[in-house]
Structure formats: structure tokens, C-alpha cells
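K.L.:
What follows is a structure written as C-alpha cells; I'll ask about it next.
Computed from the coordinates by the stated procedures, all read-outs in this text should not be read as laboratory data. Keep in mind it's a predicted model, so treat the numbers as computed, not measured. Methodologically, a virtual Cβ is constructed for each residue, glycine included, from the backbone with ideal geometry; neighbour enumeration extends over all protein chains shown.
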Amino acid sequence: QKEVEQDPGPLSVPEGAIVSLNCTYSNSAFQYFMWYRQYSRKGPELLMYTYSSGNKEDGRFTAQVDKSSKYISLFIRDSQPSDSATYLCATNAGGTSYGKLTFGQGTILTVHP
Amino acid sequence: DAGVIQSPRHEVTEMGQEVTLRCKPISGHNSLFWYRQTMMRGLELLIYFNNNVPIDDSGMPEDRFSAKMPNASFSTLKIQPSEPRDSAVYFCASSSHTDTQYFGPGTRLTVL
């Protein structure tokens, strides 16, 4: 079993829809949670970064962490065609291994006009 | 800011040949990471350096893979000999005292 599980999709939604992307993890030591966005043939770029359980909002994006159930989510409101990309969740334990990110498989999202 | 620079962007080689991938991190960043991305396995951390010193190479698949960071502005990932199963996109990323890693555009490697 992978330490971070993510449904690869693909996920296709109409423009303006609310998108929900999810990951589960198994390692209780994971403390930091990130969402990266990767456009086709590009490197991943950091989208959201959270530490504690709860919600963090940034424009149309909301990251949610529930440490009790080891579940992390990314919500995209009013989705746009420009949001079409692969979304990867990532996590690490911090401390001496702060640089060692473990990524989910990535979910391919297509937002069609 | 130029961002993380990787070369070559594409590499096609034959099985058994030596492959060298290069990375220039963002100036001032003290950590450098090498990843491999495939459809089957996703994005996997191979090795990372902190202040030019390898910290964790547990993700390096086997002895055919080696990485060096001779100075703060340059790193190489070498595969010798290469095999078809090494075909993947290899990313380099750098960071500075934070968990935010900045990725390069990647090198798409095809081993025939």
C-alpha cells in the first residue's frame, strides 16, 4: 500500500463547477500537506500549503486537512478551463525529514467550456 | 529569476549507454531534489541534497543511478548503464529553508 493514495481520475467537469480532489495517507507522522498543480509537459508548482487540521482558503481554492481520518482535500470553486491540469497532493513528516515529500499519484482534471 | 534549469529537455538513447542529466538550482537555495515521474509510479523522490551534501538517497533505484552536487549551483544525475525501464521524466527541484520546492521543467528520457 502506498503511503499516499490519490484517485488518478480522470475527472471532467463543466466550467463553473465545484471540483473536489482528495487524498488519504497512512503515516501518522505526516504533518505538512501540500497541493501541487502540474500542467502538461511542465514541472509541478506549489498551489496550497497547510500544516494543521482545518481549512485554508486562497481565492477559488480551499485546502482541507482532517488528521483524525488522514484525509486531505482540495476544492476549486467556479472552475475554469485554465484549471485543467494534474493535481498532486504531497506530504512530509517535517523535522529532520522536512525535505522528503511523498506524493500522491495525481488526479487529471479537465474543465471544459 | 530564471527558475530551476534542467538540461537536456529531451534525451533519447540506447540501452547500455550512459546518460547524464543536469540541473542548476535557483540561486540561494540550499536544498536540491531529484525526482522521477512515470505513469505507473507517479512522482518519486530519488535523492536530495542539503548544502551540497546528500541527505537521503533511499529512493535511488539501484547502483546504476548516481547523483552528485559538486557546488551550490550544479548537480548531475547519472544512469550507467541505462535500461528501457529507466524511461521517465526526471525533475530537479530546489528549495530554501522551507517546504516549498520549485521544480524545473524536467528531462524526458527515452531509453530504446
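K.L.:
For A:Ala93 and B:Asn30, FRET efficiency with R0 = 22 Å and r from the beta-carbon atoms, rounded to 0.05?
P.N.:
So, using R0 = 22 Å, E works out to roughly 0.65.
K.L.:
Please list, by residue number, every one of the trypsin sites (Lys or Arg not before Pro) in the range A:18-98 that is coil in DSSP and has at most 16 other beta-carbon atoms within 10 Å.
P.N.:
Within the range A:18-98, the qualifying trypsin sites (Lys or Arg not before Pro) (loop, at most 16 other Cβ atoms within 10 Å) are A:Arg41, A:Lys42, A:Arg60, A:Lys67, A:Arg77.
K.L.:
Let's see if you can work this out: charge +1 on each Lys and Arg Cβ, -1 on each Asp and Glu Cβ, no other charges. What is the dipole magnitude of the range A:25-99 about its Cα centre, in debye to the nearest 20?
P.N.:
The calculation lands at about 140 debye.
K.L.:
Between A:Tyr71 and B:Met40, how many nm apart are label points set 7 Å from Cα along the C-beta direction?
P.N.:
With each label placed 7 Å out from Cα toward Cβ, I get 3.2 nm.
K.L.:
Also, I was wondering about something else. Would you kindly state how much longer the chain becomes between A:Thr110 and A:Ser40 on full extension, computed as 0.36 nm times their sequence separation minus their alpha carbon distance, in nm to one decimal?
P.N.:
That works out to 24.1 nm of additional length.
K.L.:
Does chain A classify as rounded, prolate or oblate by the C-alpha gyration tensor (a ≥ b ≥ c root eigenvalues; a/c under 1.5 gives rounded; else a/b over b/c gives prolate, otherwise oblate)?
P.N.:
prolate
K.L.:
Could you compute the FRET efficiency for A:Asp7 and B:Arg85, with r as their C-beta to C-beta distance and R0 at 25 Å, rounded to 0.05?
P.N.:
Efficiency, rounded to the nearest 0.05: 0.45.
K.L.:
Assuming 0.36 nm per residue, please report the length gained on full extension of the stretch B:Thr20 to B:Asn71 beyond their Cα-Cα distance.
P.N.:
Between B:Thr20 and B:Asn71, full extension yields 16.7 nm more.
K.L.:
Between the range B:61-112 and the range A:1-43, what is the C-alpha centre distance in whole Å?
P.N.:
Distance between centres, Cα-based: 23 Å.
K.L.:
Hey, if you put +1 on the Cβ of every Lys and Arg and -1 on every Asp and Glu Cβ in chain A, which of A:Thr50, A:Ser12, A:Gln31 ends up farthest toward the positive end of that dipole?
P.N.:
A:Gln31
K.L.:
Considering only the other residues whose Cβ falls under 12 Å of the Cβ of A:Ile18, what net charge follows from Lys and Arg at +1 and Asp and Glu at -1?
P.N.:
After counting each charged neighbour, the total is -1.
K.L.:
Also, quick follow-up: Do any trypsin sites (Lys or Arg not before Pro) in the range B:10-42 lie in a DSSP loop with no more than 15 other beta carbon atoms within 10 Å, and if so, which?
P.N.:
B:Arg41
K.L.:
Still on this structure, I have one more. With only Lys, Arg, Asp and Glu charged, each at its Cβ (+1 for the first two, -1 for the last two), find how big the charge dipole of the protein assembly as shown is about the Cα centre; round to the nearest 20 debye.
P.N.:
The dipole magnitude comes to about 200 debye.
K.L.:
Filter the chymotrypsin sites (Phe, Trp or Tyr not before Pro) in the range A:1-99 down to the DSSP loop ones having no more than 16 other Cβ atoms within 10 Å, then list what survives.
P.N.:
Within the range A:1-99, the qualifying chymotrypsin sites (Phe, Trp or Tyr not before Pro) (loop, at most 16 other Cβ atoms within 10 Å) are A:Tyr39, A:Tyr51.
K.L.:
If you average the sequence gap of Cα pairs under 8 Å that are 6 or more apart and divide by the length of the range B:23-112, what percent do you get for the contact order?
P.N.:
31 percent
K.L.:
Farthest toward the dipole's positive end in chain B, which of B:Thr107, B:Ile47, B:Ser66, given Cβ charges of +1 (Lys, Arg) and -1 (Asp, Glu) about the Cα centre?
P.N.:
Sorting the options by dipole projection puts first B:Thr107.
K.L.:
Please state the shape class of the protein assembly as shown: rounded when a/c is under 1.5, otherwise prolate if a/b exceeds b/c and oblate if not, all from the C-alpha gyration tensor.
P.N.:
Prolate, because a/c is 1.5 or more and a/b exceeds b/c.
K.L.:
Here is a further query. Note down the nm distance, to one decimal, between modelled labels 7 Å out along Cα→Cβ at B:Val12 and at B:Asp63.
P.N.:
Taking the two extended label points, one gets 3.3 nm.
K.L.:
Given +1 on the Cβ of Lys and Arg, -1 on the Cβ of Asp and Glu, and no further charges, what dipole in debye does chain B carry about its Cα centre, rounded to the nearest 20?
P.N.:
In debye, rounded to 20, chain B gives about 240.
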